[in-house]
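Presented below is the structure to which this report refers.
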Amino acid sequence: MWIVPEREIAGLMTREAAFDAVEKVFAAMASKDAYNFPVVREAIGHEDALYGFKGGFDRAGLTLGLKAGGYWPHNLETKGIINHQSTVFLFDPETGRAKAMVGGNLLTALRTAAASSVSIAHLARKDAKVIGMVGAGHQATFQLRAALEQRDFEKVIGWNYHPDMLPNIEKIATEAGLPFEAVPLEGMRDADVIISITSSFAPSLMADHVSPGTHLACMGTDTKGKQEVEAALLARATVFADEIAQSVSIGEAQHAIAAGLIAERDIVEIGAVINGAHPGRRSADEITLFDGTGVGLQDLAVAASVVDLAIAKGLAIEVDF
Ligand code: NAD
């Protein structure tokens, strides 16, 4: 069995490898070669922690396993370690034997950024120039860095509920040599691509804050009750998702479905676009919206990729297990 510790991930995993792994597994999901198991998420009644498992099996990539972990809200304050903690376990699909244990913290950010990047690559207009960020927390920096590689963006604009956090994303824009402007939500009308990645439970971005032709990647809503964009926006847009079952239950679509604005059959799996079964964007005026809820197969895909890289570079620890 191989172990790839969290400390090795930054030096091993590239954004390109994460993009490839996530794009492949989305395609496998749409062609029914891969599926996610039901998610377990529990408030364990200790340290106010939320703990759970996200697993699945990809018959195409032969990846079987789960991510175990969750959110410990007091970690940073009391122990000096980050609040989100996760570990990926991979198993040999031929025998069921444990194959690898991989640090999952950085991988989670990389696979989440890869998901919105895959959506931008397949759905944004080719001539997109302005990218708008709604959110400026931990994930937002990863999201922006990866998204900037998908189109020849010329400007980054940003809005955040807590304006003091905006320098987090301004720094990424500056590193990429792009101008950054803080805007009110109405200013998002200038964006060709918008990424929302907040922990909000009420919509910030309204339907009239978005111009025709925009691609949105809504990445923050991954739990029942969370919401980043007005439900009416989903009725104006063509809606794509990583997994439809999650989109309608824990994603942005939960609200539009509950309000009767869209139906489950209106949502397209992004993998269908990757596979060529759906044309994706059909006109320069169409609004496309990707509801990225985060599936276990994404974690397994990037973990399998990093295990291969770690073995090739002699950085994986082999244990007799
Ligand atoms: P963070 O705590 O670092 O940042 C939170 C962000 O939300 C900040 O921009 C903050 O200003 C904003 N925010 C907080 N309260 C708000 C409110 N009431 N209205 C509007 N904005 C508000 O968190 P993070 O690690 O960057 O995670 C952001 C979100 O992404 C979380 O909801 C997390 O669960 C989600 N997430 C999703 C996936 C996925 O696969 N889809 C993966 C990882 C994280």
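The values are calculated or read from the model by the stated rules, or taken from the named source; none is laboratory data. Bear in mind the structure is a predicted one, so any value in this text is a computation, not a measurement. Side chains included, ligands, DNA and RNA excluded: accessible areas come from the protein's heavy atoms. Shrake-Rupley method; radii C 1.70, N 1.55, O 1.52, S 1.80 Å.
Of note:
- Reduced Cα scattering model of the stretch 139-185, Debye log10 I(q)/I(0), q = 0.14, 0.20, 0.23, 0.30 Å⁻¹: -0.29, -0.60, -0.79, -1.25
- Rounded to the nearest 10 degrees, the angle from helix 138-147 to the longest Cα principal axis of the chain is 80 degrees.
- Using alpha-carbon coordinates, inclination of helix 15-30 to the longest axis of the chain, degrees: 90 degrees
- In the chain, the DSSP beta bridges split such that about 50 percent are antiparallel, to the nearest 5.
- Across the accessible surface of the stretch 166-321, with the other protein chains kept in place and a 1.4 Å probe, carbon and sulfur atoms take up 53 percent.
- Scattering curve values for the stretch 264-319, log₁₀ I(q)/I(0), Debye with Cα scatterers, q = 0.29 Å⁻¹: -1.19
- Residue order by solvent-accessible surface for 129, 24 is 24, 129, largest first, with ligands and nucleic acids left out and a 1.4 Å probe.
- Each semi-axis of the equivalent ellipsoid for the chain is √(5λ) with λ an eigenvalue of the Cα gyration tensor; in descending order they amount to 30, 22, 20 Å.
- Normalised by 2.2 N^0.38 Å, where N is the number of residues, the C-alpha radius of gyration of the stretch 35-82 stands at 1.48.
- GNM flexibility winner over the chain from 248, 25, 40 (Cα, springs under 10 Å): 40
- For the chain, the longest principal axis of the alpha carbon atoms and the long axis of helix 296-312 meet at an angle near 60°.
- Relative contact order of the stretch 125-294, defined on C-alpha pairs under 8 angstrom at six or more residues apart (%): 21 percent
- Candidates 143, 85, 254: whichever shows maximal mean-square fluctuation once the chain is modelled as a Gaussian network with Cα springs under 10 Å: 85
- Structural descriptor for the chain: relative contact order 22 percent, calculated from alpha carbon pairs under 8 angstrom and at least 6 residues apart.
- Choice from 96, 225, 80 with maximal GNM fluctuation in the chain (Cα, 10 Å cutoff): 80
- Evaluated at q = 0.19 Å⁻¹: base-10 log I(q)/I(0), Debye formula over Cα of the stretch 125-294: -1.24
- Among the lysines of the stretch 125-294, pairs at least eight places apart or on separate chains and with Cα atoms under 28 Å apart come to 6.
- Pair-distance profile P(r), taking every C-alpha pair of the stretch 54-120, with 10 angstrom steps and integer %: 19, 39, 30, 11, 1
- Largest-first ordering by accessible area, 1.4 Å probe, given options 159, 2: 2, 159
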